[in-house]
Every structure is written in structure tokens, then in C-alpha cells.
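A short reminder: the numbers here are calculations on the coordinates, not readings from a lab. Computed from a predicted structure; not experimentally measured. Cβ: placed from backbone, ideal geometry, glycine included. Neighbour counts: every protein chain shown.
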Amino acid sequence: MEIQENTGFAPWGDPEAKPLIRFQNVTKRFGTFTAIDNLTLDIYAREFFALLGPSGCGKTTIMRMLAGFEDPSEGEIFLDGENIAGVPPNRRPVNMMFQSYALFPHLSVWDNIAFGLRRSEMARDKTRIAARVEEMLKLTRLEKFARRKPHQISGGQRQRVALARSLAKAPRLLLLDEPLGALDKKLRQETQFELMDIQERTGTTFVIVTHDQEEAMTVASRVAVMDHGKIVQVDTPATIYEAPNSVYVADFIGEINIFKGHASPPRDGFCEIAFAEGLAPIRARAPEEMQGEAEVSFAIRPEKVLIGPERPPELPEGRANAYRGKVIDIAYLGNISTYHVELAGGQKVKVQAANTRRIQRRTITWEQEVWISFTDTAGVVLTR
Amino acid sequence: MRRFALIAVPYLWLLVLFLVPFLIVLKISLSDATLAIPPYTPTLDLSRGWQGVRDWAAGLDLENYWFLTEDALYWKAYLSSLKIAVLSTLLTLLVGYPIAYGMARAPDHWRPTLMMLVILPFWTSFLIRVYSWKAILSQEGLLNQFLLWLGVIHEPLTILNTNTAVYIGIVYTYLPFMVLPIYAALEKLDESLLEAAEDLGCSRLSAFWLVTVPLSRQGIIAGSFLVFIPAMGEFVIPALLGGSRTLMIGKVLWEEFFSNRDWPVASAVAVVLLLLLIVPIVLFQRNEQKNREAEG
Ligand SMILES: Nc1ncnc2c1ncn2[C@@H]1O[C@H](COP(=O)(O)OP(=O)(O)OP(=O)(O)O)[C@@H](O)[C@H]1O
Ligand SMILES: [Mg+2]
């Protein structure tokens, strides 16, 4: 998995920066059900902010509060420093791409895209509207379908119409609720780059909901991982991936091995985690908040674990962790393979290795005894 | 064979219940009136064989239709019926749309009850319901008493036996035919479409005009035809609520038939009415067809 480099754009780290959107202790209840629970969050102008979380965790609800379709039960939402409670949706400089697309069935693709423009300050200028619609059609590659009605095009094409329609007015804030779910991989990647490009050119702020964490990693400046109406972690994709703050986040993003165990009190910033009877404890960097001993989870990505037929040579000062195990499964994924290794204590570990050799000459096979190893900084110790 | 049988059943039904009576009426309309039983000639006398058929056919002519064009009463009655039907269709739409809209927007658990209330009047006799409007609209009726009591008026209004009463009667009677198809269209309307419209800059009102109305068009058209077609030939309502000056083709037909006992002219009036109604009926069918296609 590719990790986006930090490009120096980080207004969230700047105490002077004013957020475009501020959620201040926002709670949203539907009857007795709490969909959003005391949310406080800042989103900055020009951000590409991704909301990630399991179904029903409240992502769409956040979008709908920004668009103006739901009012918070408690707390305030500020746009550009102004409380937007009570501002109707048509008065907000916000456009939303609906999860259900919500295309107007009685209008052609062309008219769907022009709908918002006809209700903007552009309304009188037919040629400008036409030019803008054509531009959007070209961007989403829908030129051929401009005259068709929504029920005469495919699901993926409909999704692109919805995207084009929400982009057309070039709003300050664009809310995309699973914008690319129905596209095939290639088109999705192209559209992702297109979105990033649009974002770069127009300076629009994007809030995007996605189920696809790879997508969140690719496009987002920051990712918020949600669970049951709460935000568990907000950080850059690289931080979320490399330094998740909880087992929940670690488990949600990408593949990861979790070792539950008992950590010794940290010494020189490192602790030792006993996770199985008869096996050496894992040596790992202790998190700052850890004081004494504690029940912890040690999390390590499969690609950070090395695998080999022999015990690896010791790293200086014993900084490596090495365990013997048996290969119980191999998943060949083309450029990489995932090895499922069972350690002596029964703990299963996933290991990912690049296939730099041809498959016939691969040295590790099923049932083979192997050694897995990782350095003491390869994983993270999680206290919750 | 089974397919043939399946198609044959409705056609047979139509043949027996519509085409045969229509042909009989058509035949009478081509006959001449006499004082006899039945009150028209010629009658088909099959006992005289082929000659009988030829004599019968020779006795038929278009005289009655010419007569309809000569007497201004008839085309005036047709026009007046058309006017009353169009106007009352519009009025029914005006009253029915908000009702249908309210029903479609009501909470789910309310809808069956509301639906019941709309259909409920059908459970009592149509005649009784129209009759009771007499009690409401007459000079000493409930409406006048109520308005007098409110002090809105000082003299009782004359509503009964005017065209106003006819409009009220038609709107009241045919309201469910307008409400139900519009309700069916509005109920299917996806709420998120209105949100999308608002999101794209529409006020509530313009979202209603640009999204709700076009998407309930099929229901509006269906409901309008369902009101217009029967209203055009309406007889009972103008007879009971209308005055002597209310001119409607249904009333003329009735008078020709029962007062004048001129069956041939009455039949000619009926045939022309049917021909006039074929246009909206065909349009209505087209609309229904389009509806099904859009859904399918
Ligand atoms: N109008 C409503 N009335 C009652 N409950 C609601 C309403 N809208 C949303 N909810 C509930 O709030 C919770 C959050 O819903 P939301 O649509 O925000 O989820 P989501 O994160 O977008 O999920 P998904 O990924 O499936 O789209 C869900 O449990 C949902 O059932
Ligand atoms: Mg959602």
C-alpha cells in the first residue's frame, strides 16, 4: 500500500489557522438513538477530509448536518466562523453528492447537471451554463449520454452524473457520500486523481465518505475514523496507518497482526510484552502515556514482518524479535504473497513479502518451518 | 391455445358489454321515431328473409344527426357540458392535489386511515350523498345558516339550483378519483430528490414546482381524465342540484329519452357524446401506457 507523503499542507497543526468548518460538541439524536455523540472537529479550507467507519456509524448524518438537512440536537456547527444553525440548504455554499445519487428522473443527464447552475447567479447566461455543463460532461466522460434520462444509463454512469451535478456549481464545500463506490477499479482511480486535481485547481474543500480505506489513503489530507457516532482518531493517512491510537483504528485500516499481552514497565522507552507461555516477550517501543505495567495490544503490519527459512542474524543489542513458526497458508497475490504462520503458542501471524523471485524458485512452501522477525520499532503498542 | 383463451376473455367481455349495446344504440340512432313499442322504425323483421333485411337497411339514415346540428340546443348543451366538465376537473385538481399531498406526507401509520376516509363515501349511496347536498346548499340549508350565524352574510345565498351547486356536486363526487392517482404518484416520490433540489439552490416552493409537480404529472393526468370523462356526461348531479338554466348534455339525453320518448334522437346524442369522449379516453390510455413503461 502506498502512503501519501506529507506535502507541507498541514493547517491543523497551525494554532493560528482558522477552520472552515467547526463542529463544537455536536450531538445528534434520532428519538432516543444517538447517531452523533459529542463531536468536536475542525476541518480546514482546501482540505480533502475523509470519513471512514463501519456502516451506521454516522458518516451520512455528519454530511447531512453540513448540508443543512438535519439540525444538531446539541452543540453548534460553524462555517467560516459563523453558526449555520437555521440556514436553509439552498443558502449554504455547500453541495452534496447523495449516497443514493438522487438524480431527477424526469430530467436528462444534461438537465440534471444544469439544474443547480440554473438556480445560481449564472441563471441568465445560457452560454455559460452550457459551457459549464459540457465541461462537467467531459470531466466525467458522459458526453455520449447527455440526452439520456437517468433510468437509461448504468449504475456507474448514474454515479458520475451525481458527481458532475454536485461539482457543477463549484461550491466552497463539497460533500461526497461514497462517490466512487459503483465504479470499476480503473475508472475509480482515474476519478480519484480527477477529484484531487479539481481540488487543487479550485481550492474547494472536500469531505468524502468512503468504505474503501485505500481510497481514503489515496485522496485524503486527513482521515477521521469513526465508531458509533464518535471519532476515534483524526490524522493524516500515514499517521493513521503507521501510528493508530487504538486497536479499533489499527484493525479498521489495512491488515494488521494483533498480539494481546502483558507489558513490563517501560525502560528507556521500551517495554517487553509477554504474549504466550514459553515464548520470548516482544520488545517494542512503549507509548508515552504508559507508566507502569499494563495489559496491551501489540500491533504490527504484515509487511513489517520478515520471513525466512533460517533464524535471522541478531540485530545490534538484541533489537530484533524472532519467533519460530510453521507456514499454514500462502496467498499468492501476484506482486506480493501473504504467508500465514502459526507460532508455537498457537498465535497466527500474517506476513507479507514481495515476490521478487519467480514462483517456482520460491523457497518457502506449505508446512515449512520458518522464522519470522521484526525490529523493536516496527510495530506499535496500543493501550486501548 | 391458452394464450388465445387469455386474450379472448377480455375481448369477449368487451364485445358483450360494450360493443353489442353500442351497436344497438347506433342502430336506433339511425332509425325514425314513431308512436309504437318500441318507439322507432324500422325494426328488423327476419321472418321476411333477405327482403326484410334490405327493407330494414333502407329505412336507416343520418337524419337524426342532421337534426342535432340544426337545433342550437344540442351543440350548446355539448359546449356547456364541456365547459362544466373542464372547470370542475380543474377545481377537483385544485382541491384534490393538496389532499393527496398531505396524505403522501403524513406519517406512515396515518396513511391507511386517511385512505379509508377518502374511500369511505363510496360506501353510501351516491344518490343519498348528492341529495344531502340539497340540505346543505338550500336557502335555509346548513351552509347559509352557518354563514348567517358567523355574520359573513346578511341575506341567504342562492346556491342550490345554480351551476355553482353543480360544480360543488361534481367536485365532491369525483374527488376520490383525483386524489387516489395523485397520491399514488406522490407516495413513490423519493424524499431525497427534494433535498437534492434544495441543495442545488431551490427554495422549498421552487423545489415543489420543479420536482414534485413534474414527478406527479402522470397522476394529475390520470386523475383529470377520471374526473373529466364521467363529468362530461353527468346527469344526476345537474338534475338534482342544478337549476332549469343548467344545460348539460346528460340532462338533454334524459329528456329526449323519457320526456319526448324520441329514442332515435336520444341515441344520436349518446353516440356523438361517445365519439367526443373517445379522444380523451384514448389520451388517457396513452398516459397509462406511458406510466407502465416508465415503471417497467
Ligand atoms: N432519520 C433517521 N431516523 C432515525 N435514525 C436514523 C435516521 N437517519 C440515520 N439514522 C440512524 O443513525 C445512524 C447513522 O446513520 P448514517 O446514515 O449516518 O450512517 P452511515 O455511517 O452513513 O452508514 P452507511 O455507511 O451505511 O451509509 C444509523 O444507525 C441510522 O440507523
Ligand atoms: Mg451513509
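For A:Thr236, nonlocal amide neighbours, meaning residues 5 or more places apart or on other chains whose placed amide H falls under 5 Å from its own, are A:Val223. For the stretch B:230-291, trypsin sites (Lys or Arg not before Pro) meeting the loop criterion (DSSP other than H, G, I, E, B) and having at most 15 other Cβ atoms within 10 Å: B:Arg245, B:Arg261. The angle between the Cα long axis of helix B:2-14 and the longest principal axis of the Cα atoms of chain B comes to about 80 degrees, rounded to the nearest 10. Of all aspartates and glutamates in the structure, the ones whose alpha carbon falls short of 19 Å from that of B:Lys290, not counting any fewer than 8 places away in one chain, are B:Glu187. Estimated purely from DSSP H runs of n ≥ 4, each contributing -39500 (n - 2.57), the mean residue ellipticity at 222 nm for chain B is -22000 deg cm²/dmol once divided by its residues.
A convex hull fitted to the Cα coordinates of chain A yields 186 cubic angstrom per residue. For the protein assembly as shown, build the charge dipole from Cβ charges (+1 Lys, Arg; -1 Asp, Glu) around the Cα centre, then report which of B:Leu276, A:Val161, A:Val109 sits farthest towards its positive end. Positive-most Cα among the choices belongs to B:Leu276.
Each residue of the stretch A:336-345 was assigned a 3J(HN,Hα) from its phi angle through the Karplus curve 6.51 cos²θ - 1.76 cosθ + 1.60 (θ = phi - 60°); the sequence is 10, 10, 10, 9, 9, 10, 9, 7, 4, x Hz, with glycine and proline shown as x. Straight-distance candidates among the aspartates and glutamates for linking to B:Lys188, with alpha-carbon spacing under 14 Å and chain neighbours fewer than 8 residues away dropped: B:Asp108, B:Glu295.
In the stretch B:67-295, a dipole from Cβ-located charges (positive for Lys and Arg, negative for Asp and Glu) runs towards its positive end, and of B:Leu147, B:Leu68, B:Tyr167 it is B:Leu68 whose Cα lies farthest in that direction. Annotation: the antiparallel percentage among DSSP beta bridges lying fully within chain A is about 75.
Placing unit charges on the Cβ atoms of the charged side chains and taking the dipole of the protein assembly as shown about its Cα centre, the candidate lying farthest along the positive direction among A:Gln213, B:Gly242, B:Gln51 is B:Gln51.
Looking at the square roots a ≥ b ≥ c of the eigenvalues of the Cα gyration tensor of the stretch B:67-295, which shape do they give, rounded for a/c under 1.5, prolate if a/b is larger than b/c, or oblate? It is oblate, given that a/c is not under 1.5 and a/b is not larger than b/c.
Partners of B:Lys27 within straight-line reach, counting lysines whose Cα lies under 17 Å from its Cα and excluding those fewer than 8 residues away in the same chain: none found.
For the stretch A:255-382, the spread of Cα coordinates along the three principal axes comes to 50, 27, 25 Å, biggest extent given first. Kindly provide the GluC sites (Glu not before Pro) of the stretch B:47-151 that DSSP labels as loop, not H, G, I, E or B, and whose Cβ sees at most 14 other Cβ atoms within 10 Å. Answer in residue order: B:Glu140. Per-residue 3J(HN,Hα) values for the stretch B:168-175, derived from phi via the Karplus relation 6.51 cos²θ - 1.76 cosθ + 1.60 with θ = phi - 60°, read 4, x, 5, 4, 4, 5, 9, 3 Hz in sequence order (x marks Gly and Pro).
Pairs of alpha carbons in the stretch A:120-161 separated by more than 17 Å make up 37% of all such pairs. Start at zero, step by 5 Å, and the Cα-Cα distances of the stretch A:1-130 spread as 2, 8, 14, 17, 17, 15, 13, 9, 4, 1, 0 percent across the bins. Could you state the number of Å between the C-alpha centres of the stretch B:40-114 and the stretch B:215-275? Rounded to whole Å, the Cα centres lie 5 Å apart. Per-residue mean of foreign Cβ neighbours for A:70-78 is 0 (Cβ atoms of other chains, 10 Å radius). Each listed q (0.18, 0.23 Å⁻¹) maps to a log10 I(q)/I(0) for the stretch A:193-275, found by the Debye formula over equal Cα scatterers with no solvent: -0.85, -1.14. The sum of -39500 (n - 2.57) across all DSSP H runs of n ≥ 4, divided by the residue count of chain A, sets its helix-only mean residue ellipticity at 222 nm to -6500 deg cm²/dmol.
Restriction of the GluC sites (Glu not before Pro) in the stretch B:225-296 to DSSP coil positions whose beta-carbon has at most 15 other beta-carbons within 10 angstrom yields no sites.
Of the cross-linked pairs B:Lys134/B:Lys251; A:Lys126/A:Lys169; A:Lys230/A:Lys350; A:Lys18/A:Lys126, those separated by over 26 Å at the C-alpha level are A:Lys230/A:Lys350; A:Lys18/A:Lys126.
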